[in-house]
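In what follows, a single structure is set out as structure tokens and then discussed.
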Amino acid sequence: MLEVWFTEQQTASVRLGLRVDAILAKQKTPYQELVVADTTAYGRMLVLDGAVQTTTVDEFVYHEMLTHVPLMVHPNPRQVAIVGGGDGGAVREVLKHGSVDAVHLVEIDQRVVEAARCYFPALSESLSHPKAHLHFTDGLQWVREARNFDVVMIDSTDPIGPAIGLFQPEFYQSVAQALGPEGVMVAQSESPFLQPAVIQTVVRGMRTAFPVVRLYLAAVPTYPSGLWSFTLGSKGPLPGPLDPRRVVTPTRYWTPAVHTAAFVLPRFVEDLLV
Ligand code: AG3
């Protein structure tokens, strides 16, 4: 029987292989190559420039941990911005917080949103919510002019191609300026096994802009090595014990206990942060 396999070349010496049932879209956008395919094991998958961005089976881990952690660290998040994240998964999670008045999605590539609306209806549904505001522009520029946000989330691709500027200290400084006095930011920061240097770049860059910088982890099987990191920067609030009166539902990965535990780091990861 014919078997079709998708391969992501994650590093020079590591590949991920997923059996594919159908390729639904393959196009060059003005910014990157975009592929949508149905995989046997992980459901529908979005790939940008050869890198898996999201699959319908494991997206909940990444999107819940990217969003609920900083939102719960902030005492009362009302104005939220997401840089990247054109698939809509992060917006969907943000809107589970009743305190949020508006969520601004700043996506450089409109084609990602179009593909999400067409092929990922459940993920992208939230993009049509009245509290969701879409901006198809460069996040670097947009953030420079933004002010008084409570939480800013960087839902970017890897630090190559269009996302490269989102991993630089100057960018974290402009995020800090875009945040109010209790503001919190988060950035996806790659894998401690395969991209330890990226984690160090993000943590060191964020330390130039925020008094509090903390790393946390989650298991995302379709991302390189499966162990993924997020870096939180805060102007004030600490990721301490959660207010038991604040709940977020429904979730499948995030719980108050997972939230707290995610900041407990294995020693080899802690050693990256010195
Ligand atoms: N952004 C993080 C994707 C990084 C994955 N890297 C890779 N496969 N090499 C995901 C965007 C989802 N909203």
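Points worth noting:
- Relative intensity, log₁₀ I(q)/I(0), of segment 4-55 from a Debye sum that treats every alpha carbon as a point, q = 0.25 Å⁻¹: -0.96
- Square roots of five times the Cα gyration tensor eigenvalues for segment 1-96, Å: 30, 14, 13
- With the convex hull drawn over the C-alpha atoms of segment 195-247, the volume per residue is 92 Å³.
- Compared with the rule-of-thumb size 2.2 N^0.38 Å for a compact globular protein, segment 170-274 has a Cα radius of gyration ratio of 1.09.
- Relative to the longest principal axis of the Cα atoms of the chain, the long axis of helix 169-178 lies at roughly 60 degrees.
- Site-free segments of the chain were taken between trypsin sites (Lys or Arg not before Pro) in DSSP loops having at most 13 other Cβ atoms within 10 Å, sites themselves excluded; the longest one is 1-146.
- Helical runs assigned H by DSSP (4 residues or longer) give the chain a calculated mean residue ellipticity at 222 nm of -7500 deg cm²/dmol, each run adding -39500 (n - 2.57) before division by the residue total.
- With 5 Å bins beginning at zero, the pair-distance distribution over Cα atoms of the chain amounts to 1, 6, 14, 18, 20, 18, 13, 7, 3, 1, 0, 0, 0 %.
- Annotation: D155 carries an accessible surface of approximately 10 Å², with a 1.4 Å probe and no ligand, DNA or RNA atoms counted.
- Heavy-atom accessible area per residue - the chain, 1.4 Å, Å²: 43 Å²
- Percentage relative contact order, the chain, counting C-alpha pairs under 8 Å, at least six apart: 16 percent
- The apolar share of the surface of segment 4-55, taken as the fraction of accessible area on carbon and sulfur atoms (1.4 Å probe, ligands and nucleic acids excluded), comes to 52 percent.
- Summarising the overall dimensions of segment 98-150 from its C-alpha atoms, the Rg and Dmax are 12.2, 34 angstrom.
- Here the chain is assigned +1 on the Cβ of each Lys and Arg and -1 on the Cβ of each Asp and Glu. Its dipole about the Cα centre then comes out at about 520 debye.
- Just so you know, the Cα atoms of segment 78-190 work out to an Rg and Dmax of 13.1, 39 Å.
The values are calculated or read from the model by the stated rules, or taken from the named source; none is laboratory data. Owing to the predicted nature of the structure, the values given are computational and were not obtained by experimental measurement. With ideal geometry, Cβ positions are generated from the backbone for all residues, glycine too; neighbour counts draw on all protein chains shown. Note: accessible area is taken over every heavy atom of the protein model, side chains too, but ligands, DNA and RNA are not part of it. Shrake-Rupley method; radii C 1.70, N 1.55, O 1.52, S 1.80 Å.
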